[in-house]
1. Do we have any residue at all in region 353-363 that's in contact with a strand residue (DSSP E or B) (Cβ under 9 Å, 6 or more places away or on another chain), at positive phi, in a loop (DSSP other than H, G, I, E, B) and in contact (Cβ under 8 Å) with a residue 12 or more places away in the chain?
2. When you go through (1) more than 16 Å from ALA43 (Cβ to Cβ); (2) aromatic (Phe, Trp, Tyr); (3) without any contact (Cβ under 8 Å) to a residue 60 or more places away in the chain one by one for TRP132, which number turns out not to apply?
3. Output the residue which, of all residues in region 308-319 that are part of a helix (DSSP H, G or I) and out of contact with any helix residue (DSSP H, G or I) (no Cβ under 6 Å at 6 or more places or on another chain), is surrounded by the fewest Cβ atoms within 10 Å (Cβ to Cβ).
4. Being in a strand (DSSP E or B) and surrounded by fewer than 18 Cβ atoms within 10 Å (Cβ to Cβ) is the filter here; which residues of region 64-85 pass it?
5. What are the residues in region 369-390 that are more than 18 Å from SER353 (Cβ to Cβ) and either more than 39 Å from the chain's Cα centre (by Cα) or small (Gly, Ala, Ser) (or both), if any?
6. Can you find even one residue in region 99-122 that is surrounded by 11 or more Cβ atoms within 10 Å (Cβ to Cβ) and assigned to a helix (DSSP H, G or I)?
7. So is SER50 part of a helix (DSSP H, G or I), of a type in the set (S, T, N, Q), open to solvent by 60 Å² or more (accessible area, probe 1.4 Å) and under 16 Å from VAL120 (Cα atoms) or not?
8. Applying the selection to region 143-157, what residues are touching a Ser or Thr at 6+ places or on another chain (Cβ under 9 Å) and either closer than 17 Å to PHE25 by Cα or of a type outside the set (S, T, N, Q) (or both)?
Amino acid sequence: MRVLNRLSIRARITIGTLLLAAVFFAGVALVVRHQVENILQDASFEVLKSDASPFETAIQQEPNDSVDRPGEGQLVAVIDPTGVTRTSTLPAGLTLKLSRVDLGASGPQEIAAGKVTYLVAVDTVESSTGEWTIITARNQDASELVLADLTTGLVVGLGVLTLLFGVVSWLLTGAALRPVTQLRQSAEAIVASGSGELLPVGTAKDEITDLATTLNRLIDDLRSSAARERQMVSDASHELRTPLAVLQTQLELLRTGDRGTLDADILAAERATARLARLVGSLLELSRLDAGQRSSAAEVDALVDEAGEAIDRARLSAMSDQVEIDLTVPGAAGGTVAMPELLYGRVLDNLLSNALRAVHGAGRVSVTLTRTSTSLVTIVSDDGPGMSAEFIPHAFDRFSQDDDSRGSAHGSGLGLAIVAAAADAAGGTVTLENAHPSGLTVTMTLPVIGCIPRPDLHAGPR
């Protein structure tokens, strides 16, 4: 098997075809030889019965007369009822072997006498004097010679046919695999040149076309993934450069600056470090979501509880501000959502953090959870300045930030990207919309699985 695995597909198919053809033709040769052998034996048996026929007639008509001697080339022995051989032209070697002949058999028998094989037939004739026995024989050398010639012809002819099948299989396999070879060569050319071309797709609706189409989709996905990775590395490098520069500056000031400003410098360094930590955490979260790692599901009631904890965290963060934060949640709802509680809490933290920055310390932020028959809808809205219409289509892009109207200078540009990636991983959607007269509304819809459809359920503020 190891040797076969090292061979090309073309060679393996050809070898398999040769083996199948050899087995098939060998079976055909055995059947043909057996049939011809039976035909020859039946013909010889008919000749033997024909040789015995004149003696049968003579015995029935004149049983007491002497029996005529057989004709030239006939091997016949006639035995009367008393066991006396009236006439015999059987060879001496066969005569010695007559004890092996079954006198009661009705069909032909093969008797070997030395190096010669004879076909023997026994016929009994009833007459007025008793039962006579007629034994006829025929040398099988001629038949064996015919069978030997037939066997040689079958071996040579069918061997040639087997080789012909192998050649045809080699040519047909080569023709069938030629498009695959062309695809491989095209792929090698694309890799070598680094071009953005795709594999050629033929006009025929066959497996090769399907393979080329699938490979082209794979190439598109790989190129898109590589482009996203390059863009993410570039954006991450750009975003990390600023806090690292600030941190380096603060450390240099700590080393060479006024000791009186030590606390302020340490505080600035801590802020820069915290921003770096948040940025790295966000990048790791996006990387996990991009990798398509399967997240565990969570009960809707558990997500409601997580929303309450996220509200508590937001209120604690805005304790010194004049910001009103409220939560409206459904009653008992049931069902599950393909998003774990921790990730759902991270999504709400990102949305609430953006909303708090937008209201600039004074305003209102509200979160509403609505349980429909098929989904869980989370709405986060604020009364801040909203987003520019030009930026909304790019709001979920990584490291993208609007102007300072929503306090983007304090963010990393990854919060909304994480929200969109998390919703997509759970099979849901997220949208942005400017509210009237001001503010922004973010709506995330997650499909609910494993539940009985029920009407909308709402409860009061929490």
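1. So the first thing to find is which residues in region 353-363 are in contact with a strand residue (DSSP E or B) (Cβ under 9 Å, 6 or more places away or on another chain), and the list is 354-356, 358-359, 361-363.
Keeping just the survivors that are at positive phi gives 361, 363.
Restricting the remaining residues to those that are in a loop (DSSP other than H, G, I, E, B) gives 361.
Still in the running and in contact (Cβ under 8 Å) with a residue 12 or more places away in the chain: 361.
Yes, the conditions are met somewhere in region 353-363.
2. Unmet condition: (3).
3. Taking region 308-319 first, the residues part of a helix (DSSP H, G or I) are 308-317.
Still in the running and out of contact with any helix residue (DSSP H, G or I) (no Cβ under 6 Å at 6 or more places or on another chain): 308-309, 311-313, 315-317.
Numbers: GLY308: 16, GLU309: 13, ILE311: 20, ASP312: 12, ARG313: 15, ARG315: 18, LEU316: 8, SER317: 15.
Only one residue tops the list, namely LEU316.
4. Step one: of region 64-85, the residues in a strand (DSSP E or B) are 75-79, 85.
Answer for region 64-85, where residues must be in a strand (DSSP E or B) and surrounded by fewer than 18 Cβ atoms within 10 Å (Cβ to Cβ): just THR85.
5. First, the residues of region 369-390 that are more than 18 Å from SER353 (Cβ to Cβ): 369-377, 388-390.
Result: LEU369, THR370, ARG371, SER373, SER375, SER388, ALA389, GLU390.
6. For region 99-122, residues surrounded by 11 or more Cβ atoms within 10 Å (Cβ to Cβ) and assigned to a helix (DSSP H, G or I): present.
7. Working: part of a helix (DSSP H, G or I): yes; of a type in the set (S, T, N, Q): yes; open to solvent by 60 Å² or more (accessible area, probe 1.4 Å): yes; under 16 Å from VAL120 (Cα atoms): yes.
Considered against the rule, which asks whether it is part of a helix (DSSP H, G or I), of a type in the set (S, T, N, Q), open to solvent by 60 Å² or more (accessible area, probe 1.4 Å) and under 16 Å from VAL120 (Cα atoms), SER50 comes out as yes.
8. Let us first name the residues in region 143-157 that are touching a Ser or Thr at 6+ places or on another chain (Cβ under 9 Å), namely 143-144.
Across region 143-157, the qualifying residue is only GLU144.
The values are calculated or read from the model by the stated rules, or taken from the named source; none is laboratory data. As the structure is a computational prediction, the values presented were derived from the model and not from experiment. Cβ coordinates were reconstructed from backbone atoms using ideal geometry, including for glycine residues, and neighbour counts include every protein chain displayed. Keep in mind that these areas ignore ligands, DNA and RNA; they rest on the heavy atoms of the full protein, side chains included. Shrake-Rupley method; radii C 1.70, N 1.55, O 1.52, S 1.80 Å.
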